[in-house]
Structures are given as C-alpha cells and as structure tokens.
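Written out below as structure tokens is the structure these notes cover.
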Amino acid sequence: MSKPTLVVLAAGIGSRYGGLKQLDTFTPQGDTILDFSIYDAIQAGFGKVVFIIRKSIEKDFKAFFNTKLEGKIEVEYVFQEIDNIPEKYKDNNRQKPWGTGHALLMAKDAVTKNFAVINADDFYGKEAFEVMAASLKLIDENSTNFNMMGYVLKNTVSDYGFVSRGECKVNEKGNLTGITERTHIEKIDGDLKFKDENGNLIPISEDTIVSMNFFGFTPKYFEVSASLFESFLEQNYKEPKAEFFIPLVINHVIVNKIATMEVLKSNARWFGVTYKQDKEYVTSEIQKLKEAAVYPINLW
C-alpha cells in the first residue's frame, strides 16, 4: 500500500492578513500552522510533501522547513508564477495569480501517487488527516474516485471580516453533486450571509457543508485539469481578475460524470487566519492542544 502525497498550496500573498501567513509563527517554539499539518500528515502515513510556492519566497521557505523535515518526509518544491502558462495566453497586464487550480497544476510532475491538497494557512486537525490518509490508501491510483473533507460553515468563519468558502451540495450517498465558490461570506449581526455576483447579501445556513480546500485526488486529476485550464485561458486570458479554482475542475468532473467525489466527515476542528486579528484566537487554540498533549511541546 503506497503512501499518499501531501500537496500544500503556499503561493498566496496574504493581502487581507497583511503579510506572509505561511511562515507566521503561533507558538513560543516557532511553529507555523503548516508545521501542524505536516506533523499530522506524517503521523497519518503520508510519504511526501510538495510545496507550491512563489520564487520570491523560496529562500525563506526552504530555510524554515528543510532542516526540520530532513529525514522525516520526502520534500519537493514547485512554483506558481503568473507567466507559467502557454506563451500565446500571456498578458502583460496580468498582476493577480491564476488561482488554486493553476497552482495545483504546477505539481503535476512532482506527484505520482494519490494525493491530498491543503491550504498552508488552515489548521485542519489531526483526525482529518487520519481520515483522508486512510481513504487515499484504498483508492485505485488509476481511477477517478476523488474525495474531500467537509466542514460545517459556522465553524470556519472569522469574526473580523469576510472569508471565501466552497458551498457544497451532497447527495444521500454522501457524494458531492456540486460546489459553488463563495468568495465573500460574512457574519453580520450574528447571521451569515454571502455576497452574490451582483453584490447583494444573501442569507446562508450556518450548517452548510463547505470545502476548506482539503481534497483527495488520484494522479488522473491532472489529465482532466490540464485540458480544462487550457479552455479557461482561451476564454479568460485577457480578464485581469479571472481565476481558475480547484472547484471549477471538481464541478466539471461531477457534472460530466467523469469522476465521483465522496464527502468525508471528521469531528476535527478547523481554524485559520484570514485577518491579523485572527492570530490571537488561533494561538490560544494551539496552546490548548499542546497542553492537552494532542501535540508534543516540540513538534520536531
């Protein structure tokens, strides 16, 4: 039974946070949120981690992680840059990255096993990695049987501003039937609302199942995604804000019955940092986990 790979989306800029969230530390020992995800992944049986970063943060990233992970898990780096696209689609006015779907395509040559995808700045919880690893180890690498971790919306929002979440529709078999990227969900006077394409605020249930970009795929994902990205560029390469999200790929494979996606459930608590004000809460929650011996004082 081969060990799955962990792919980390770590090329973000952190504009709302005001800095590089990926390398911000949350404990006296200097742990990032990502340290806990990698620790959990190793414990759950992942055999390799692939970091998707930008060239501009390569030196800092390697200085932070290479020594501590040496001998513990295989490590590889790949890069997401705006100009990592076919020449005919390059537009000098483009300043915004092409999105999570483009970032993941950068890992195509580094991933040969079933793999999970996570955000670098989200704390997913020990149990979530155990459930994901167990599932990935049983899936045929040549199949298009995918999965994702489902979280309850009310457990994933910030008190300090809006967040982006993938709203999930799940059928009676526990499979995903559709995912809608909500780029603006906000708590207003105690109620959760999302902003639609016209800027209207629409109520959304706090118990809605959402995606936190914790997906499980086989290598077949890359074949589907590459052709879809080419089509996306054909239509959008002159649109300065258009982004190619992983949920676009997921919707495509589900609607066209190319793949199935099981929604995995976990009681693990999610938390993360979208805004600088989130840091105090996250630091406190991590400290509680260490005090409860869920994690050792010194991870590495």
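The values are calculated or read from the model by the stated rules, or taken from the named source; none is laboratory data. The structure presented is a predicted model; accordingly, all values stated were derived computationally and were not measured. Positions of Cβ are backbone-derived with ideal geometry, glycine not excepted, and every protein chain shown enters the neighbour counts.
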Residue ID - farthest from residue 52 (Cα to Cα), chosen from residues in segment 74-85 that are part of a loop (DSSP other than H, G, I, E, B) and among the β-branched types (Val, Ile, Thr): 85
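Scan 206, 262 and give me the residue that is charged (D, E, K, R), modelled with pLDDT of 95 or more and over 22 Å from residue 80 (Cβ atoms).
Working: 206 fails: modelled with pLDDT of 95 or more.
On inspection, the qualifying residue turns out to be 262.
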Selection from segment 203-236 of residues that are surrounded by 12 or more Cβ atoms within 10 Å (Cβ to Cβ), in contact with a strand residue (DSSP E or B) (Cβ under 6 Å, 6 or more places away or on another chain) and not in a loop (DSSP other than H, G, I, E, B): 209, 210, 211, 212, 213, 214, 215, 216, 217
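For segment 187-196: of the residues being surrounded by fewer than 16 Cβ atoms within 10 Å (Cβ to Cβ) and in contact with a strand residue (DSSP E or B) (Cβ under 6 Å, 6 or more places away or on another chain), which is nearest to residue 277 (Cα to Cα)? If you could, list the steps in order and put the result at the bottom.
In the first step, residues of segment 187-196 are kept if they are surrounded by fewer than 16 Cβ atoms within 10 Å (Cβ to Cβ); the result is 188-191, 195-196.
Filter once more, so that each one left must be in contact with a strand residue (DSSP E or B) (Cβ under 6 Å, 6 or more places away or on another chain): 195-196.
Values: 195: 22, 196: 26 Å.
By that ranking, first place goes to 195.
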Test result for residue 160, within 23 Å of residue 183 (Cα to Cα), among the aromatic types (Phe, Trp, Tyr) and in contact (Cβ under 8 Å) with a residue 40 or more places away in the chain: yes
Residue among 185, 258, 254 that is more than 16 Å from the chain's Cα centre (by Cα), assigned to a strand (DSSP E or B) and of a type in the set (Val, Ile, Thr): 185
Residues (assigned to a helix (DSSP H, G or I), more than 16 Å from residue 127 (Cα to Cα) and of a type in the set (A, V, I, L, M, F, W, C)) located in segment 280-300: 282
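Of the residues in segment 72-122, how many are among the β-branched types (Val, Ile, Thr), touching a Phe, Trp or Tyr at 6+ places or on another chain (Cβ under 9 Å) and surrounded by fewer than 17 Cβ atoms within 10 Å (Cβ to Cβ)? Break it down stepwise before answering.
Of the residues in segment 72-122, the ones among the β-branched types (Val, Ile, Thr) are 73, 75, 78, 82, 85, 100, 111-112, 117-118.
Right, trim to touching a Phe, Trp or Tyr at 6+ places or on another chain (Cβ under 9 Å) and you get 73, 75, 78, 82, 85, 100, 111, 117-118.
Still in the running and surrounded by fewer than 17 Cβ atoms within 10 Å (Cβ to Cβ): 75, 82.
Result for segment 72-122: 2.
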Only listed residue being assigned to a helix (DSSP H, G or I) and under 29 Å from residue 235 (Cβ atoms), chosen from 68, 62, 88: 88
Yes/no for residue 45 being in contact with a Lys or Arg (Cβ under 9 Å, 6 or more places away or on another chain), on the phi > 0 side of the Ramachandran plot and at pLDDT below 95: no
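Checking the condition within 22 Å of residue 134 (Cα to Cα), among the basic types (Lys, Arg), touching a residue at least 24 places away in the same chain (Cβ under 8 Å) and out of contact with any Gly (no Cβ under 8 Å at 6 or more places or on another chain), which residue from 241, 220 passes?
Only one candidate passes the filter, namely 220.
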